[in-house]
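Values in this text are rule-based calculations from the coordinates and carry no lab data. If you're wondering where the values come from, they're calculated on a predicted model, not measured in any experiment. We place every Cβ from the backbone using ideal geometry, glycine too, and count neighbours over all the protein chains shown.
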Amino acid sequence: MTMRTCKNLLVTGGAGFIGCNFIRLLLSPGHEFSGRIINLDALTYAGNPASLADIEARYGGNRYFFVSGDIRNPDLVQFLFKNYAIDTVVHFAAESHVDRSILGPEAFITTNVLGTFTLLEAARQYWGGDSAGTLFHHISTDEVYGSLGKQGYFTETSPYDPRSPYSASKAASDHLVMAYHHTYALPVTLSNCSNNYGPYQFPEKLIPLMILHMLSGKPLPVYGDGKNIRDWLYVEDHAHALWTIIKGGRTGEKYAIGGENEWENLTLLTTLIDLVSRKTGMDGDTLHAAITFVKDRPGHDRRYAIDCSKLKAELGWKQLVTFEEGLAKTVDWYLANPEWIQGIQSGEYQQWLNKNYDTR
Ligand code: NAD
Ligand code: TYD
């Protein structure tokens, strides 16, 4: 297997949850990556430069360059390709929250579809006929495949069946990426991953939202009957998988990434309550009593589960962090980082909570 040499990475959405964990991995001591990272991020509510403050202090202007800007801006994107001689794109930037896509789908279409198109066009123009040594890696989700019943798993060949504005916009971006490969021979790889959890996740998603609600004595809102199932992967395992694919994945291929770790929401919440109670000394019964069943999400997908045997067999990736370890690390991180939490709990965050939960 020939390994790609990546020198100048354009990482989009690197100030978000998974992007910042990916950048942290590549710039961690002893990591084989020796090039530069250009992080293009519009700093929406979900982007937070504080998540990379130590990276900025250590590598800023040398191996790490933060650019505050929008992937929908073709002039800026084209400038970055030229100015930094980009050979690899790692495309995380997206509107990423299903509930927000239900309350306001437009940004999902413009960022996830038009933004991806803008990046693909810039890559096609800049790399032109000479795409040797280049790669456009697109980060996507298992949600493009729709909802599973009790049986079965999503694989790279599952039919697309998106059911929320979020997953539909991600599906559209996946199709564009593959179309640029087939039509223009753009070197691409694409990954579809299951639910991530870990440090730096914005507390609109299930696990950090529940941790913060427990710590502040708020109700713990469970949608519907709480029996929806998600397949959870620790974010650092996702970052390792992405690097593995970027280095050695076959051009034009999709790779499914998953935790092989399915949990019903309610069972997961019970486990998390016990963990938070043990770590903080908070009363477990009081936390359990805070569980509140609220109105279900419209079109709520029942079950996601990934078969990631292709990635394991072809590229030798595997999960390194068990759910028990990962959840413990996650709770520890949120307990140890009150400044980070205060930083994102802006007026916008409170407005979101009011908007999403008041009507449920
Ligand atoms: P996130 O919402 O935490 O971060 C998204 C980042 O993109 C933010 O920093 C935001 O400022 C930036 N951004 C948004 N719009 C932008 C624009 N127009 N221009 C430039 N930057 C913009 O998301 P995440 O959870 O880190 O997800 C990253 C990627 O992984 C997304 O593409 C998502 O679809 C995918 N994914 C996420 C999960 C998950 O569980 N979180 C699972 C599978 C796939
Ligand atoms: P989420 O973290 O939003 O991820 P996704 O919808 O992309 O899978 O939600 C995970 C699961 O948790 C999903 O079944 C919806 C449910 N959920 C709740 O029950 N309550 C909540 O407050 C949130 C945010 C999610």
| task | Fewest Cβ neighbours within 10 Å first, please rank 138, 238, 182 accordingly. | result | 182, 138, 238
| request: Rounded to the nearest 10 degrees, what's the angle between the helix 74-84 long axis and the longest principal axis of the chain, both from Cα atoms, 0 to 90? | output: 70 degrees
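Looking only at the chain, where both bridge partners belong to it, what percent of the DSSP beta bridges are antiparallel (to the nearest 5)?
10 percent
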| Span per principal axis, largest first, for the Cα atoms of the range 313-360 (Å) | 45, 27, 18
| Summed residue charge, Cβ within 12 Å of residue 308's Cβ, Lys/Arg positive, Asp/Glu negative | -3
| field | Cα radius of gyration and Dmax for the range 219-360 (Å) | value | 18.0, 52
| query | Once you list every other residue whose beta carbon is under 12 Å from the beta carbon of residue 355, what net charge do they have if Lys and Arg are +1 and Asp and Glu are -1? | reply | -2
| So what J values fall out for the range 286-303 if you push phi through Karplus, 6.51 cos²θ - 1.76 cosθ + 1.60 with θ = phi - 60°, rounded to Hz, Gly and Pro as x? | 5, 5, 4, 5, 7, 4, 10, 7, 10, 4, 5, 5, x, x, 4, 5, 6, 9
| query | What's the local net charge at residue 162, with K and R +1, D and E -1, over the other residues with C-beta under 9 Å away? | reply | 0
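In which sequence would 340, 127 go, from the one with the fewest C-beta neighbours within 10 Å to the one with the most? Don't skip to the end; give the middle numbers.
Details: 340 17, 127 22.
Listed from fewest to most nearby Cβ atoms, that is 340, 127.
Between their Cα atoms, which of 205/279; 170/227; 82/205; 82/254 are more than 32 Å away from each other? Don't skip to the answer; put the middle values down first.
On the way: 205/279 21 Å; 170/227 25 Å; 82/205 36 Å; 82/254 28 Å.
As for pairs spanning more than 32 Å Cα to Cα, those are 82/205.
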| task | Obtain the radius of gyration and the Kirkwood radius of the range 60-116 from its C-alpha atoms and give Rg over Rh. | result | 1.05
| note | Note, the range 35-47: 3J(HN,Hα) by Karplus (6.51, -1.76, 1.60, θ = phi - 60°), whole Hz, Gly/Pro = x, goes x, 10, 10, 10, 9, 9, 8, 7, 6, 5, 3, 8, x
| task | Using only Cα atoms, tell me the angle between helix 116-127 and the longest principal axis of the chain; keep it within 0 to 90° and round to the nearest 10. | result | 20 degrees
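How big is the range 139-200 by the Kirkwood estimate over distinct Cα pairs, in Å? It would help to have the intermediate numbers written out before the result.
Working: mean 1/r = 0.0785 Å⁻¹.
By the Kirkwood definition, the hydrodynamic radius is 12.7 Å.
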| note | Sorted by chain and number, the residues with a modelled amide H under 5 Å from that of residue 67, at a separation of 5 or more or across chains, are 39, 40, 41
| remark: The Cα extents of the range 264-316 along the principal axes, largest first and rounded to whole Å, are 47, 32, 11
| remark: For the range 49-204, the Cα-Cα pair-distance distribution in 5 Å bins from 0, as whole percents, is 2, 8, 16, 18, 19, 17, 12, 6, 2, 1, 0
| Looking only at the range 202-240, which residues have a backbone nitrogen under 20 Å from a spot 7 Å from the Cα of residue 28 in the C-beta direction? | 202, 232-240
| request: List every residue whose amide H lies under 5 Å from the amide H of residue 188, counting only residues 5 or more places away in sequence or on a different chain, with H placed 1.01 Å from N in the peptide plane. | output: 136, 252
| request: Obtain the nm distance between the two label points defined at residue 110 and residue 1 by a simple spin-label model: each point lies 7 Å from its Cα along the Cα-to-C-beta direction. | output: 4.0 nm
| query | What are the radius of gyration and Dmax of the range 3-94, computed over its Cα atoms and given in Å? | reply | 12.2, 36
| request: For the range 48-58, just list the computed ³J(HN,Hα) in residue order, Karplus coefficients 6.51, -1.76 and 1.60, θ = phi - 60°, integers in Hz, with x standing in for Gly and Pro. | output: 9, x, 4, 5, 10, 4, 5, 5, 4, 5, 8
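Using only the alpha carbons of the range 180-235, what is the convex hull's orientation-averaged projected area in square nanometres? List each step's numbers first, then the result.
Details: hull surface 24.9 nm².
Result: a mean projected hull area of 6.2 nm².
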| said: Under 10 Å, Cα contacts only: if you run a Gaussian network model on the chain, which one of 265, 48, 192 comes out with the highest mean-square fluctuation? | reply: 265
| Does anyone have the angle between helix 265-280 and the longest principal axis of the chain? Alpha-carbon axes, 0 to 90°, nearest 10? | 80 degrees
| query | Convex hull volume of the Cα atoms in the range 208-302, per residue, in Å³? | reply | 123 Å³
| note | Here the range 90-172 gives, from Cα atoms, an Rg and Dmax in Å of 14.9, 47
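How do 278, 230, 303 line up, fewest other C-beta atoms within 10 Å first?
Exposure proxy ranking, most exposed first: 278, 303, 230.
In debye, nearest 20, what is the charge dipole magnitude of the chain about its Cα centre with +1 on Lys and Arg Cβ and -1 on Asp and Glu Cβ, if you could check? Could the numbers behind the result be given before it?
Numbers: 32 positive and 39 negative charges, 81 e Å.
Computed charge dipole of the chain: roughly 380 debye.
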| said: Over all directions, the average projected area of the alpha-carbon convex hull for the chain comes to how many nm²? | reply: 16.9 nm²
| task | For the range 1-18 and the range 113-139, write down the distance between their C-alpha centroids in whole Å. | result | 13 Å
